[in-house]
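Remarks on the structure that follows.
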Amino acid sequence: MIKFVKYVDISRITFSTSLYFSYLCRVNSPNYLETKTKDNKKEMKKFLLTAMVCILALPMATAQQRQNPMREKSPAFFKTTEARRIGDQILLYQRVTGGWPKNIDMSRPLTEEERAQVMADKDRKDDSTTDNNATTLQMNFLARLFQATGDSRYSDAFRRAVDYLLSGQYESGGWPQFWPKMRDYQIHITYNDNAMVNTMILLREIAQQQEPFGGQLTDEQTRQRSMEAFNKGVECMLRTQIVYNGELTVWCQQHDRETFLPAKARAYELPSFCSQESAGITGLLMSLPNPDERVKKAVHAAMAWFDKYKIMGLRIKRTGKKGDPNANVELVSDPAAKPIWGRFYDLTNCEPYVCDRDGIPRKHLEEIGVERRTGYSWYGSEPAKLYPVYERWASRYDPDHKINISLNTPSTSGASPSR
């Protein structure tokens, strides 16, 4: 706790506390008690509200810092002993592959027993991944820490991680979910949860020496290799875009590494049109400078698909927290609701569906168990973020083929889940 307090903005504590005590002094002063009026009361209510908001905001802010220190970007933080402590633990968790496992809070202080187990796992080659922001998150942290400290241990670990990312790319340009040891669906080209998009964005930032990847962090050869890998990844995206009834559409969560066709992952992740992952891919394609004709066609087609298959008039309603006995997720009618998209659309009729661990697609959320109903993002609004981006992109790069889309017009597909 002492180390953490060093990074807390003490001025906020001082300001909030002084407001509160100032209020106490004022309300208990003889002059105030003798001259209380309606105006006085209103003034003091406003004063009290301001003070309490400031006081309540502090624990919320510090809680966020505690929960997400791995995502910290403040240069001041990376000069603290707490940042070094976290960085040293990240080094400890790094596998011999150069990558990291997922779903581990690597900022939490370790016991001696836990530290020994982490050391024993360093030789594992079956759990290094880019899924759920693993590896890319650690690389960002180490890059910032190196820039703040100049400690070569952090830059050396970062470079090993770059080599890990580059080693996993298929000749086709795609990346699997795990490597070097893989099993089952892990071998597929993986767009799920933007794993490949995040990898490519990181490599492009390294190649361009964007902050925090500048200075002596990498050499020219590494930057060149990173850019080549990014370009190969773009080529893979263009090759895997699904063709439906002779037209380009969107992408699946994962694609076969040899045939490039949509592929199955977990039991409830069937070969499908996938809106969430396709939004990430489309956004990346629109970030390319001077896009060629293939990229333009891919973007126009994806945006046309998003607009055709948006779901209007329904809102996602969540009750309780995940894991609670009474937790639930349902779609409710709401004429004023903003558009949403199903996570999955079947490859035959392009209709949204949900699925349980039995692998059977169903149309209604209430037809699957609570565990999967509340434990997976079946509907979302990620494609909506692309609409203003597309407006600017198409106007600049291809106004002659710009398509008319709107978040306010009805869907033209007719495919919508019942409540």
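The values are calculated or read from the model by the stated rules, or taken from the named source; none is laboratory data. Nothing here was measured: the structure is a model prediction, and the numbers come from that model. Methodologically, a virtual Cβ is constructed for each residue, glycine included, from the backbone with ideal geometry; neighbour enumeration extends over all protein chains shown. Heads up: the accessible areas ignore ligands, DNA and RNA and are worked out on the full protein's heavy atoms, side chains in. Shrake-Rupley method; radii C 1.70, N 1.55, O 1.52, S 1.80 Å.
Using a 1.4 angstrom probe on the protein heavy atoms only, could you order Asp334, Asp88 from most to least accessible area?
Reading off the accessible areas and sorting them downward yields Asp88, Asp334.
For Cys355, what residues show an amide H to amide H distance below 5 Å, using hydrogens built from the backbone and excluding near sequence neighbours?
Those lying under 5 Å, H to H, from Cys355 are Arg362.
Of Lys79/Lys102; Lys181/Lys308; Lys122/Lys385, which sit over 31 Å apart, Cα to Cα?
Lys181/Lys308; Lys122/Lys385
To the nearest 20 debye, what is the magnitude of the charge dipole of the stretch 285-419 about its Cα centre, counting +1 on the Cβ of each Lys and Arg and -1 on the Cβ of each Asp and Glu?
For this selection, approximately 300 debye.
How large a share of the accessible area of the stretch 127-219, in percent, is made up of carbon and sulfur atoms when the probe is 1.4 Å and the other protein chains stay in place?
Details: 1350 of 3170 Å².
C and S fraction of accessible area: 42 percent.
Among Lys73/Lys310; Lys296/Lys322; Lys310/Lys402, which pairs are too far apart, with a Cα-Cα distance over 29 Å?
Pairs exceeding the cut-off: Lys73/Lys310; Lys296/Lys322.
I want to check the label-to-label distance for Leu347 and Leu407. Put each point 7 Å from Cα in the C-beta direction and report it in nm to one decimal.
About 3.2 nm separates the two model spin labels.
Can you pull the Kirkwood radius for the stretch 165-291, inverse mean 1/r over Cα pairs, to one decimal in Å?
15.1 Å
Suppose all protein chains stay in the model; what accessible area per residue would a 1.4 Å probe give for the stretch 277-419, in Å²?
51 Å²
Please arrange Asp292, Asp127 by accessible surface area, largest first, computed with a 1.4 Å probe and ligands excluded.
Asp292, Asp127
Stretched out fully, how many nm does the piece from Arg153 to Met182 gain, at 0.36 nm a residue minus the Cα gap?
Additional length available on full extension: 7.6 nm.
Suppose each label sits 7 Å from its Cα in the direction of the beta carbon; what would the Glu211-Asn231 distance come out to in nanometres?
In this crude label model, Glu211 to Asn231 measures out at 2.9 nm.
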